[in-house]
Amino acid sequence: MIRMGRTDTGTPARLPDEEGFVERDGVRICWERYGSGEPTVLLLPTWSIVHSRHWKAQIGYLARHLRVITFDGRGSGRSDRPSETAAYRDAEIVADAIAVLDAVGCDRVVLAGISCGGRYALHLAARHPERVLGAFVIGPSLRILSPPLEARSEHSFDDPLDTDEGWAKHNRHYWLRDFEGWACFFCGEMLPEPHSTKQVDDMVAWALDTTAETLLLTECDPGYGDRAGAEELVRAVRCPVVVAHGTDDRIVPFEVGRRVAELTGGELIELPGEGHIPQARHPIPINLRLRAFAESLAETSPARPRSRARSRRPRALMVSSPIGLGHARRDLAIVAELRRRVPDLEVDWLAQPPVTDAVLAAGERVHPASADLSSECDHIEAEAGEHELDAFGAIRRMDDILCANFGVFLDAARDGAYDLWIGDEAWDVDHYLHEHPELKTARYAWLTDFVGWLPLPGDDARRRELTADWNAELIGHIEGAPDVRDVSLFVGDREDVVPGTFGPGLPEIGGWVERHHDFVGQIAGFDAAAALAGRAAVRDELGLAAEDELCVVAVGGSAVGLPLLVRFIACLPELRERHPRLELAVVRGPRIANSAALAADGLRVLDYVPDLPRLLAACDVALVAGGLTTGMELVALGRPFVGFPLRGHFEQRIHVRHRLDRHGARHWIEYADATPTAIAAALEAALARPPAYLPVSADGAARAAARIAPLLIPA
């Protein structure tokens, strides 16, 4: 008996509310429960090549409405790997499912299963009808019900072969020789859809959590014999059945799904162009259909929340990215300008901390559904190292969080009767609306301050391939569904767009952005002239004398900046030695806890400062991370600063650096080189030569609002 861990490939959108093990005949099965609604959905395991995380795109959405149970099938995840072939027959998996339901205390469930899991669902429904309300099966693996796919029938599984090409890899000798090669090939065949690199990477990582020896044990008679036995099993299913099957399924022929629907009298959902695992590649339709199916079977079907009666006042839903407080400041400025043009405008904010702090402080209304959002900041902070963040990889590994949060948005949007949705780098909203334009029910405005997911110098060929593929998907979305975005705004000027292309064979970035966006200039979110006029008052509030030099330290709204703060504080003795009248004011940020690491004699540690530009206007110099908002605020205020961009952060190192350098920023230090002496020298250089910045437009918010406001006028 072998027990192994479980490989995850990102921060889960939702952690289980309860988890445990059941044991049958010496085999331990790991289960998890999420949510507490009704009815209960049992997301069944599939073939042991992957564990229950293959349902990650469903769990976050479904668990807000239903009770969800998963378990790792024997041979995968945290469940045991028995060493006998008989232990992997369908009847054993079904018995495991019953044991899990008993352990959780659940009498009847809606079943959901994909591939082998679809077969397990049919088996369970046929043999234990008293436990099953209905079955939702995706690409059910009963290949015996249809002629095999030609490519899979050419080679023997048991005999040694003289080739390893294509489906010749479906061979026990190849599995034992190169299991990773088999996993890469098979997962690629499961996901033939374009731009499926993330899902393939996930599946391969999960496959490598088991072994060829274990997987070979699963190649056994499932227990129903020939085609007649399979049809008899399927005909015995009496509960409602929905069969979803991709027309480009290269693992189980589409005709199998059609036949299962015929034999059960179930509904067949044809998924044009989809491969074998649509719940991973295009999860939103599966989530919506599975939830609707489950709720239709509830003994007391839950009442659908009524949409608010549309008032005569126009209504907008603002989705503001939590990755950086700059989004909140510019979005508040845009909303203020919109209200000048549409005085009776109602705005709800779908947002997360720290954005909600700024929004509430401004007297705005946070949508109650915001509490259901999975934390993007928690994920980013978990991905960060010591002043290091692989921004592209972190966003790419946030896929289940983005999927869950789009579900929250969709529910809020449907129930709110909004005239307009505004997404400020709301990647989840933009991605899934372009994947499924039919879900758009209001006008939609998009804002961003960068376009292009770019590799850094020194990145390997794989990273260059992945960023280019990501960009190709974005380009295909925008050009393939041009009506999704009613307005697309670039926060900045044409010259702020980085030079170069999106990747090999892809368009030039600047020209493409110009064709698909309107440029509105920088959105400062504050009045620079007023902030500078109040400079003396702020210095008086801080108790500074005229000869004192104020250095403001600000590292952004997340906890990623903590190591940089600590590094700055360690430099304080040398800074004071060179500048005895230097005062260091550290803006701690809303997600950085006050601690001994932030303590030093004479150090001013400020909690969250909602009006940071007012403080920046009062400084003589600033030490900042490499973010865009604070850098451009300092440029607008004419204050010198030294920047320390995060290692691995393509946006800060390419897009932000290009813009700030263009505006006249000159002082940058690599974190690895940030010794006390180097920081002191850079600070002196910044103080010695007044900056000569390009002017920053003061009307960006007004220009953005002028483009968005017409969307609030009824068509």
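Can you report the number of residues in the range 198-218 which are within 16 Å of residue 76 (Cα to Cα) and open to solvent by less than 40 Å² (accessible area, probe 1.4 Å)?
Going through the range 198-218 one residue at a time, the tally reaches 14.
When you check residue 631 against the structure, is it buried (at least 22 other Cβ atoms within 10 Å of the Cβ) and in a strand (DSSP E or B), yes or no? Show your work before the answer.
On the way: buried (at least 22 other Cβ atoms within 10 Å of the Cβ): yes; in a strand (DSSP E or B): no.
Considered against the rule, which asks whether it is buried (at least 22 other Cβ atoms within 10 Å of the Cβ) and in a strand (DSSP E or B), residue 631 comes out as no.
If you scan the range 24-47, which residues turn out to be open to solvent by 10 Å² or more (accessible area, probe 1.4 Å) and not in a strand (DSSP E or B)?
Those that are open to solvent by 10 Å² or more (accessible area, probe 1.4 Å) and not in a strand (DSSP E or B): 25, 26, 36, 37, 38, 46, 47.
So in the range 683-696, with the set limited to residues that are over 20 Å from residue 658 (Cα atoms) and in contact with a strand residue (DSSP E or B) (Cβ under 7 Å, 6 or more places away or on another chain), which one is surrounded by the most Cβ atoms within 10 Å (Cβ to Cβ)?
First, pick out the residues of the range 683-696 that are over 20 Å from residue 658 (Cα atoms): 683-685, 687-690.
With in contact with a strand residue (DSSP E or B) (Cβ under 7 Å, 6 or more places away or on another chain) added as a condition, the list becomes 683, 687.
On the way: 683: 26, 687: 16.
It comes out as 683.
Could you go through the range 209-217 and let me know if any residue there is closer than 26 Å to residue 274 by Cα and in contact with an Asp or Glu (Cβ under 9 Å, 6 or more places away or on another chain).
Scanning the range 209-217 turns up no residue that is closer than 26 Å to residue 274 by Cα and in contact with an Asp or Glu (Cβ under 9 Å, 6 or more places away or on another chain).
Would you mind finding the one in 157, 136, 186 that is touching a helix residue (DSSP H, G or I) at 6+ places or on another chain (Cβ under 8 Å), in contact (Cβ under 8 Å) with a residue 40 or more places away in the chain and surrounded by fewer than 16 Cβ atoms within 10 Å (Cβ to Cβ)?
On the way: 136 fails: surrounded by fewer than 16 Cβ atoms within 10 Å (Cβ to Cβ); 186 fails: surrounded by fewer than 16 Cβ atoms within 10 Å (Cβ to Cβ).
That would be 157, the only listed residue that is touching a helix residue (DSSP H, G or I) at 6+ places or on another chain (Cβ under 8 Å), in contact (Cβ under 8 Å) with a residue 40 or more places away in the chain and surrounded by fewer than 16 Cβ atoms within 10 Å (Cβ to Cβ).
If you go through the range 267-274 one residue at a time, do you hit one that is at negative phi, under 24 Å from the mean Cα position of the chain (by Cα) and either part of a loop (DSSP other than H, G, I, E, B) or of a type in the set (Ser, Thr, Tyr) (or both)?
Yes, that holds for at least one residue.
In the range 640-651, is there at least one residue being in contact with an Asp or Glu (Cβ under 9 Å, 6 or more places away or on another chain), open to solvent by 30 Å² or more (accessible area, probe 1.4 Å), modelled with pLDDT under 85 and not in a helix (DSSP H, G or I)?
No: zero hits.
Can you name the residue in the range 376-394 that is in contact with a Pro (Cβ under 8 Å, 6 or more places away or on another chain) and not in a helix (DSSP H, G or I) and, of all such residues, is surrounded by the most Cβ atoms within 10 Å (Cβ to Cβ)?
Ranking the candidates gives 387 first.
If the Cβ limit is 9 Å and pairs must be 6+ apart or interchain, which residue in the range 691-707 that is at pLDDT 95 or above pairs with which residue that is among the hydroxyl-bearing types (Ser, Thr, Tyr)?
Matching pairs, first to second residue: 703/697.
Are there any pairs, at least 6 apart or on different chains, whose C-beta atoms fall under 6 Å, with the first in the range 441-452 and over 15 Å from residue 712 (Cβ atoms) and without any contact (Cβ under 8 Å) to a residue 60 or more places away in the chain and the second in a strand (DSSP E or B) and not acidic (Asp, Glu), and if so, which?
Close Cβ pairs (under 6 Å, with a partner that is in a strand (DSSP E or B) and not acidic (Asp, Glu)) amount to 446/423; 446/488.
On the basis of being farther than 24 Å from residue 57 by Cα, touching a strand residue (DSSP E or B) at 6+ places or on another chain (Cβ under 6 Å) and either modelled with pLDDT of 95 or more or not basic (Lys, Arg) (or both), does residue 346 make the cut? Give the steps one after another, and end with the answer.
Values: farther than 24 Å from residue 57 by Cα: yes; touching a strand residue (DSSP E or B) at 6+ places or on another chain (Cβ under 6 Å): yes; either modelled with pLDDT of 95 or more or not basic (Lys, Arg) (or both): yes.
The answer is yes for residue 346.
State yes or no: is residue 259 of a type outside the set (A, V, I, L, M), under 12 Å from residue 142 (Cβ atoms) and buried (at least 19 other Cβ atoms within 10 Å of the Cβ)? Even if it seems obvious, please write down each step before you answer.
Values: of a type outside the set (A, V, I, L, M): yes; under 12 Å from residue 142 (Cβ atoms): yes; buried (at least 19 other Cβ atoms within 10 Å of the Cβ): yes.
In short, yes.
Restricting to the range 66-94, what's the tally of residues that are touching a helix residue (DSSP H, G or I) at 6+ places or on another chain (Cβ under 6 Å) and surrounded by fewer than 20 Cβ atoms within 10 Å (Cβ to Cβ)?
1
With the requirement that a residue be open to solvent by less than 10 Å² (accessible area, probe 1.4 Å) and either part of a helix (DSSP H, G or I) or within 17 Å of residue 396 (Cα to Cα) (or both), what does the range 431-449 give you?
If the condition is that a residue be open to solvent by less than 10 Å² (accessible area, probe 1.4 Å) and either part of a helix (DSSP H, G or I) or within 17 Å of residue 396 (Cα to Cα) (or both), then 433 is the only one that fits.
Quick test for you: out of 713, 708, pick the one residue that is on the phi < 0 side of the Ramachandran plot and surrounded by fewer than 15 Cβ atoms within 10 Å (Cβ to Cβ). Full working, then the answer.
Details: 708 fails: surrounded by fewer than 15 Cβ atoms within 10 Å (Cβ to Cβ).
One residue alone meets the criteria, 713.
Please determine whether any residue of the range 77-85 is modelled with pLDDT of 95 or more, of a type in the set (Ser, Thr, Tyr) and part of a helix (DSSP H, G or I).
Within the range 77-85, none of the residues are modelled with pLDDT of 95 or more, of a type in the set (Ser, Thr, Tyr) and part of a helix (DSSP H, G or I).
Could you check the range 610-628 and list, in sequence order, the residues that are open to solvent by 10 Å² or more (accessible area, probe 1.4 Å) and closer than 22 Å to residue 449 by Cβ?
610, 611, 612, 625, 627, 628
May I ask you to verify whether residue 453 is over 16 Å from residue 517 (Cα atoms) and among the aromatic types (Phe, Trp, Tyr)? Please lay out each step first, then the result.
On the way: over 16 Å from residue 517 (Cα atoms): yes; among the aromatic types (Phe, Trp, Tyr): yes.
Answer is yes for this residue.
So which residues in the range 95-133 are in contact with a Cys (Cβ under 8 Å, 6 or more places away or on another chain) and either open to solvent by less than 30 Å² (accessible area, probe 1.4 Å) or not in a helix (DSSP H, G or I) (or both), if there are any at all?
Our first condition is that a residue be in contact with a Cys (Cβ under 8 Å, 6 or more places away or on another chain); within the range 95-133, this holds for 125, 129, 132-133.
If the condition is that a residue be in contact with a Cys (Cβ under 8 Å, 6 or more places away or on another chain) and either open to solvent by less than 30 Å² (accessible area, probe 1.4 Å) or not in a helix (DSSP H, G or I) (or both), then 125, 132, 133 are the ones that fit.
If residue 254 passes every condition in (1) open to solvent by less than 40 Å² (accessible area, probe 1.4 Å); (2) in contact with a helix residue (DSSP H, G or I) (Cβ under 9 Å, 6 or more places away or on another chain) but one, which one does it miss?
Exception for residue 254: condition (2).
Quick one: which of 476, 503, 458, 492 is in a loop (DSSP other than H, G, I, E, B), more than 29 Å from residue 325 (Cβ to Cβ) and open to solvent by less than 50 Å² (accessible area, probe 1.4 Å)? Don't jump to the end; show me each part of the working.
Details: 476 fails: in a loop (DSSP other than H, G, I, E, B); 458 fails: open to solvent by less than 50 Å² (accessible area, probe 1.4 Å); 492 fails: more than 29 Å from residue 325 (Cβ to Cβ).
When all the criteria are applied, what remains is 503.
Return the residues of the range 219-241 that are buried (at least 19 other Cβ atoms within 10 Å of the Cβ), out of contact with any Gly (no Cβ under 6 Å at 6 or more places or on another chain) and not in a helix (DSSP H, G or I); say none if nothing qualifies.
The answer is 222, 224, 237.
So if I check each of 48, 36, 52, which one is among the small types (Gly, Ala, Ser) and more than 25 Å from residue 199 (Cα to Cα)? Show your work before the answer.
Values: 48 fails: more than 25 Å from residue 199 (Cα to Cα); 52 fails: more than 25 Å from residue 199 (Cα to Cα).
After ruling out the rest, the residue left standing is 36.
The values are calculated or read from the model by the stated rules, or taken from the named source; none is laboratory data. The structure displayed is predicted, hence computed values, not measured ones. Quick reminder, even Gly has a Cβ in these numbers, built from the backbone with ideal geometry, and neighbours come from all protein chains shown. In case anyone asks, the SASA skips ligands and DNA or RNA and just uses the protein heavy atoms, side chains included. Shrake-Rupley method; radii C 1.70, N 1.55, O 1.52, S 1.80 Å.
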